[in-house]
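Comments concern the structure below.
The values are calculated or read from the model by the stated rules, or taken from the named source; none is laboratory data. Computed from a predicted model, the values in this text were never measured in an experiment. Note: ideal-geometry Cβ built from the backbone for every residue, glycine included; neighbour counts use all protein chains shown.
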Amino acid sequence: MLQVQRSPEVHDVVVIGSGAGGGTTVKVLTDMGINVTLIEAGPMLNPAKDFKEHMWPWEVDHRGVGPNAENYFGKDIYPFGYFLAPNGYWNIPGEPFTVAEGQDFKWFRSRIMGGRTNHYGRITLRFADYDFKPYQFDGLGYDWPITYNDMAPYYDKAEEFIGVTGTLEGLRSAPDGKFLPPVPPRVHETLVMHAGKKLNIPVIPSRMAMLTKPLNGRAACHYCGQCGRGCQTASAFTSSQAMIFPAMKTGHLNIITNAMARELLVDDKGRVKAVSYVDKATRTEKTIRCRTVVVAASACESARLLLNSKSTKFPGGLGNSSGQVGRNLTDTVGHAVSGIVPALEGLPRHNCDGIGGMHVYTPWWELDKKNKDFPRGYHIEIGGGFGMPQIGSFRGVAANAEGYGTKLKDDIRRYYGSTVSFAGRGEMIPNEHSFCEIDPVQVDQWGIPVLKFHFRWSEHEVNMVKHMHKTFSDLISAMGGRVTSRELPERAASAVSVGGEIIHEAGTVRMGDDPKTSVLNKWSQAHEVDNLFVADAAPFNGNPDKNVTLTIVANAWRAAEHLAGEMKKGNL
Amino acid sequence: MENHLDDVSRRDLFRILGTSIVLTGAGSGVLSPALAQHVHMALADVKSLSKGPNYQPLCFTKHNYLTLKKLADTVIPADANSGGASDAGAPEFIDFLSSRNGELAAIFNGGFGWLDDYMQRTYGSDFLTAKPGQQTEVLDKLAYRKNYTPETAGGRNFWTWLRNMVVDAYYTSPAGVKDIGFMGNGAMASFSVPKEAVDYALKRSPFANEG
C-alpha cells in the first residue's frame, strides 16, 4: 500500500529547481542567513567525475559517438555530443510531453544539480530599456510591470558575481554592464569585424560568463575552450559550482536530490502549505511543509507544476484565476548560415581555443530603421576556428571533396579552420497560438500529468529569418567566402528553428500589475498566493534578442531580496 | 623529452592545476608558465591506437576485417606527413561499434558482401585478391559522382559510411589530431593570437589594403 511520508518540520523557504533562477535564490537567501531547502529533480553534480573537460576523443573506444554508436543514428542520448557536461535531453525516457497535431515543439530538460547552466553557452546580455516596455515601443506584446532602471542594480549585482567579459559600447540595444576584460578576437573573427565595417554592421567583444580575472574565489580561465563540457576550475559560470556549492558551506542549505515535484498543496486560505514530491530513488511520495515556496523549475516545468496544483480554491491551477499560466510561450528565433572563406585556407596553425564560444558578436543594429517587415531584432553569434577534431568534423569536407586517399587528406588539411558560421538569435513576439497546457490523458512515469505544447511562428519571425539569411550571406561574401548552407527555401517558415530548439523558453507565468491579466506581481510573487514566487524565465513578458540567463539571475535576485524583506517584516 | 607529457602525467597536471588554483586563492589565480604549458605537447609522441595483428574482430569475419583494413588505408593512407587509418585504429573502431549496433553491422557486412560479389562478377576475384588497378576502379565508381554507374549503386551507401567512419576515426586519433595541426585542449595563462596568422588571412582577404 502506498504510504505518503510527511515530515513534521516546517521549512522556511523551499526552492524547486537548481538552475540559474533556483541557484540565485539559494545564494541570495543563504547569504542573508535564511534557511533554504532545495529540491532538484536530478542527482547531485560531481564535476570531478561528471565533467569531461579535457578528454581527447580517443580516450574512449567509441571516440564520442556513444558506446552503441547512438549519435550516428540520431538517437537523442547525447544531443550535444558525448563529451558535453551532463546536459539532459529533448526526450527523457519515461517523461514525455505531447505536441498539438501538425505542430512542432522540442522541450529540453536537464535533470541535474545546476540544470542547464552546467552546459549552456554563457552568452550574458542585459535586456534593453525597450525590452521591458515592448508594447510602448511598437504596440506588440506586453509591457513588464518594471523598467530597465528597476532591473539595472540587479544586473550590476549579477554581473559582479557571475563575472562577464565585455567592453563599454554605449549602444541602446546592448546596454553596458560591469565587465571583466574581453578576450582578443580570433583570426576569423578579425575578418568578420572587417566585413562588418564594410557593411555597417557592428561587431563588438562578446559578453560571456567566463572569468578573464579571478573572481569571488573562482580561478581565472585557462583558455581551453571546453566550457560546454563543464569547467573543473569553475572559471565558467554554473549555478551548481558558483552558487549552490558555496551555499552548502553556509549551514543554511538543505538539499533534496532526485525529487520530482508533483504538486503544491494549499491551506484553507489558499496559501501554499506544503510541497508534494516523488522520491525517484525509492518511488515514494513525500511531502514537506513550508512557509514560502520559490518555483524555479524552468519556464515550462514551473507552469506545469502550477497547473497540476489544483484545489477547490484554484480549480484551474495554483494562482491561475487569470488563466495566464502556460500562455505567452516563446522561444528564440534561430537561423544559421555557414560558408568557406578561402583567405583562411591553409592558415598557420596556432591554439585558438580561447573561451568557449565566440570572442566577438553583433548586437542588433537596425533599431531605428523604418519600414522593416518585422519588429524588434536579433543578435549574431559567430563560429569558426580550429576546433578540436570530433566525430563528424570533416564530414562536409569529405562529402564536397569526394574521393579518397592523399587528396582527401590534403583537402581536409587545407579546409580545416576555414569555415565560418553565423547564427541569428532573434526575438519572438508572444502570440495566442503558442502556449502549454496539461495534456488531458498522458502522464509521465511518476504519474504526473504531462505538458501539451502548442506552438506557431508568425510572419514576424519568418520575415526576420529572411533578413538573417541575407545578412549572413552578405557577411560571408564580404569576407571573400562562399556560402555552403542551403539556400533559403521557398517556404521560409521551414528555415526557422523548431520551437524550443534554441532552449530559451520564457513567458509562461507572466508578471504584471493587473491580476486579471497576469499571474505574478512585479516581485515575481503570485497576485493570489503571497507565499508563492517564480524565479526562472516564466515571469518574463517577452523574450528579447538577448539570451535569458542573465535576466533570470537578476530577476531572481530581485525577487529573493523582496522575499527576505517580507519575511523580516513578518508578512510571510 | 620533458615537455612531452603522456596521458597519465597530463591528468596529473590538471589535478595539480585545479588544486593549486584553489590553494593560491583569489588574486593569484593566474597559472604559472610551468603549469600552463600546452598539453598538446603530449601529442608529439604519437602512439598507435591500433592493437595490431593480435586484434580479434568482435563483429566481422577475418576475411571481412582484412577487407576493411585494406579499404580504410585506401581512404586515409599513410603519406609523408603521417600514418594511415589502420594505424589510427579505424578498423577496430568500426568493428567495435558494429559489434554493439546491429544497424551498423548490417551496413558493413552487407557492404563487404556486395563488394566481393561485384568484384567476383566483374573481375573474377574478391576485393582483397583483385589487382590494385581493379580495386581502384571500383572505388572510383563509388567515390566520384561523375563515375556513378547503375551497377555500383548498391555499394554507395556502404561507401559513404565507410569513408565517414574512417575519417572520423582517423581525425579523432593522436595521429590525426597531429596531422591536422590542432594545438589546443591545454591550459594557457592568457589568450593571444599570433600576428603572423592574422596577417596571413588579412593578406589573402578582400581587406588586404585596409590598415
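Of the residues A:Asn200, A:Asn216, the single one that is within 14 Å of chain B (Cβ to nearest Cβ) and more than 21 Å from the chain's Cα centre (by Cα) is A:Asn216. Please specify each residue of region B:146-183 satisfying the condition of being assigned to a loop (DSSP other than H, G, I, E, B), more than 12 Å from the chain's Cα centre (by Cα) and crowded, with 21+ Cβ neighbours inside 10 Å. Scanning region B:146-183 gives a single hit, B:Phe182. Select from region A:71-81 the residues that are under 25 Å from the mean Cα position of the chain (by Cα) and more than 16 Å from B:Tyr171 (Cβ to Cβ) and write down the one among them that is surrounded by the fewest Cβ atoms within 10 Å (Cβ to Cβ). Once the filter is applied, the top-ranked residue is A:Gly74.
Among the residues of region A:7-19, some residue qualifies, meaning at least one is surrounded by fewer than 22 Cβ atoms within 10 Å (Cβ to Cβ), more than 30 Å from B:Glu92 (Cβ to Cβ) and hydrophobic (A, V, I, L, M, F, W, C). For residues in region A:29-60 being free of Cβ contacts under 8 Å to residues at least 12 places away in the same chain, not hydrophobic (A, V, I, L, M, F, W, C) and not in a loop (DSSP other than H, G, I, E, B), which is nearest to B:Ala88 (Cα to Cα)? Among residues in region A:29-60 that are free of Cβ contacts under 8 Å to residues at least 12 places away in the same chain, not hydrophobic (A, V, I, L, M, F, W, C) and not in a loop (DSSP other than H, G, I, E, B), the one nearest to B:Ala88 (Cα to Cα) is A:Glu59.
Going through (1) assigned to a loop (DSSP other than H, G, I, E, B); (2) within 19 Å of A:Phe105 (Cβ to Cβ) one by one, A:Glu487 falls short only on (2). Among residues that are modelled with pLDDT of 90 or more, under 19 Å from A:Pro67 (Cα atoms), part of a helix (DSSP H, G or I) and small (Gly, Ala, Ser), B:Ala105 is included. Every listed requirement among (1) at pLDDT 95 or above; (2) within 14 Å of chain B (Cβ to nearest Cβ) is met by A:Gln232 save one, (1).
Within region A:428-453, being in a loop (DSSP other than H, G, I, E, B) and of a type in the set (A, V, I, L, M, F, W, C) holds for A:Ile429, A:Trp446, A:Ile448.
Inspect region A:112-121 for any residue being away from chain B (no Cβ under 14 Å), closer than 22 Å to A:Ile256 by Cβ, surrounded by fewer than 18 Cβ atoms within 10 Å (Cβ to Cβ) and among the hydrophobic types (A, V, I, L, M, F, W, C) and give the result as yes or no. Looking for residues that are away from chain B (no Cβ under 14 Å), closer than 22 Å to A:Ile256 by Cβ, surrounded by fewer than 18 Cβ atoms within 10 Å (Cβ to Cβ) and among the hydrophobic types (A, V, I, L, M, F, W, C), one finds none in region A:112-121, hence no.
Taking into account only those residues within region B:171-200 that are hydrophobic (A, V, I, L, M, F, W, C) and under 20 Å from A:Glu53 (Cα atoms), which is farthest from the other protein chains (Cβ to nearest Cβ)? Among them, the one singled out is B:Ala189. A single entry from A:Arg456, A:Arg425 fulfils the requirement of being away from every other protein chain (no Cβ under 11 Å), in contact (Cβ under 8 Å) with a residue 40 or more places away in the chain, in a loop (DSSP other than H, G, I, E, B) and basic (Lys, Arg): A:Arg456.
Condition check ((1) touching a Cys at 6+ places or on another chain (Cβ under 6 Å); (2) of a type outside the set (Lys, Arg); (3) away from chain B (no Cβ under 11 Å)) across all residues:
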{"position": "A:His11", "(1), (2), (3)": "yes, yes, yes"}
{"position": "A:Asp31", "(1), (2), (3)": "no, yes, yes"}
{"position": "A:Ile39", "(1), (2), (3)": "no, yes, yes"}
{"position": "A:Pro43", "(1), (2), (3)": "no, yes, yes"}
{"position": "A:His62", "(1), (2), (3)": "no, yes, no"}
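For region B:86-102, the set of residues classified as free of Cβ contacts under 8 Å to residues at least 24 places away in the same chain and in a loop (DSSP other than H, G, I, E, B) consists of B:Arg100, B:Asn101, listed by residue number. Screening region A:278-370 for strands (runs of 3 or more DSSP E) wholly inside it with 1 or more residues that are under 28 Å from the mean Cα position of the chain (by Cα), away from chain B (no Cβ under 14 Å) and surrounded by fewer than 23 Cβ atoms within 10 Å (Cβ to Cβ) returns the ranges A:333-340. Every listed requirement among (1) crowded, with 16+ Cβ neighbours inside 10 Å; (2) more than 7 Å from every other protein chain (Cβ to nearest Cβ); (3) within 24 Å of A:Tyr416 (Cα to Cα); (4) not aromatic (Phe, Trp, Tyr) is met by B:Lys141 save one, (3). Checking each residue in region A:371-396 for being touching a residue at least 40 places away in the same chain (Cβ under 8 Å) and more than 14 Å from chain B (Cβ to nearest Cβ) picks out A:Lys372, A:Asp373, A:Phe374, A:Pro375, A:Arg376, A:Gly377, A:Tyr378, A:His379, A:Ile380, A:Glu381, A:Ile382, A:Gly383. Close contacts from region A:551-572, counting a first residue that is closer than 17 Å to A:Leu520 by Cβ and a second that is at pLDDT below 95 and surrounded by fewer than 18 Cβ atoms within 10 Å (Cβ to Cβ), with Cβ to Cβ under 9 Å and a gap of 6+ residues or different chains, come to A:Gly565/A:Asn571. The set of residues in region A:508-520 that are surrounded by 20 or more Cβ atoms within 10 Å (Cβ to Cβ) and of a type in the set (S, T, N, Q) comprises A:Thr508, A:Ser518. Restricting attention to region A:403-410, does a residue exist that is within 14 Å of chain B (Cβ to nearest Cβ), within 20 Å of the chain's Cα centre (by Cα), at pLDDT 95 or above and not in a helix (DSSP H, G or I)? Scanning region A:403-410 turns up no residue that is within 14 Å of chain B (Cβ to nearest Cβ), within 20 Å of the chain's Cα centre (by Cα), at pLDDT 95 or above and not in a helix (DSSP H, G or I). Going residue by residue through region B:132-145, is there one that turns out to be farther than 26 Å from A:Gly356 by Cβ, assigned to a loop (DSSP other than H, G, I, E, B) and more than 20 Å from the chain's Cα centre (by Cα)? Scanning region B:132-145, I find at least one residue that is farther than 26 Å from A:Gly356 by Cβ, assigned to a loop (DSSP other than H, G, I, E, B) and more than 20 Å from the chain's Cα centre (by Cα), so the answer is yes. Here the condition is being within 14 Å of another protein chain (Cβ to nearest Cβ), touching a strand residue (DSSP E or B) at 6+ places or on another chain (Cβ under 8 Å) and touching a residue at least 40 places away in the same chain (Cβ under 8 Å); of A:Val183, A:Val164, it holds for A:Val183 alone. Listed by first and then second residue, the pairs with beta-carbon distance under 9 Å, at least 6 apart or on different chains, first residue in region A:130-143 and exposed (fewer than 15 other Cβ atoms within 10 Å of the Cβ), second of a type in the set (Asp, Glu) and at pLDDT 95 or above, are A:Tyr135/A:Asp143; A:Gln136/A:Asp143.
Checking the structure you have, find out if any residue of region B:160-171 is closer than 30 Å to B:Leu49 by Cβ, of a type in the set (S, T, N, Q) and out of contact with any strand residue (DSSP E or B) (no Cβ under 8 Å at 6 or more places or on another chain). Looking for residues that are closer than 30 Å to B:Leu49 by Cβ, of a type in the set (S, T, N, Q) and out of contact with any strand residue (DSSP E or B) (no Cβ under 8 Å at 6 or more places or on another chain), one finds at least one in region B:160-171, hence yes. A:Gly228 satisfies every condition listed in (1) within 30 Å of B:Ala197 (Cβ to Cβ); (2) surrounded by 22 or more Cβ atoms within 10 Å (Cβ to Cβ); (3) of a type outside the set (S, T, N, Q) except (2).
Only a single criterion out of (1) closer than 15 Å to A:Val203 by Cβ; (2) free of Cβ contacts under 8 Å to residues at least 60 places away in the same chain; (3) touching a Phe, Trp or Tyr at 6+ places or on another chain (Cβ under 6 Å) is not satisfied by A:Glu366, namely (3).
When you scan region B:184-196, do you find a residue that is at pLDDT 95 or above, under 27 Å from A:Leu191 (Cβ atoms) and part of a helix (DSSP H, G or I), even just one? Among the residues of region B:184-196, at least one is at pLDDT 95 or above, under 27 Å from A:Leu191 (Cβ atoms) and part of a helix (DSSP H, G or I), which makes the answer yes. B:Asp117 meets the stated requirement of being more than 10 Å from every other protein chain (Cβ to nearest Cβ), under 20 Å from B:Glu151 (Cβ atoms), of a type in the set (Asp, Glu) and part of a helix (DSSP H, G or I).
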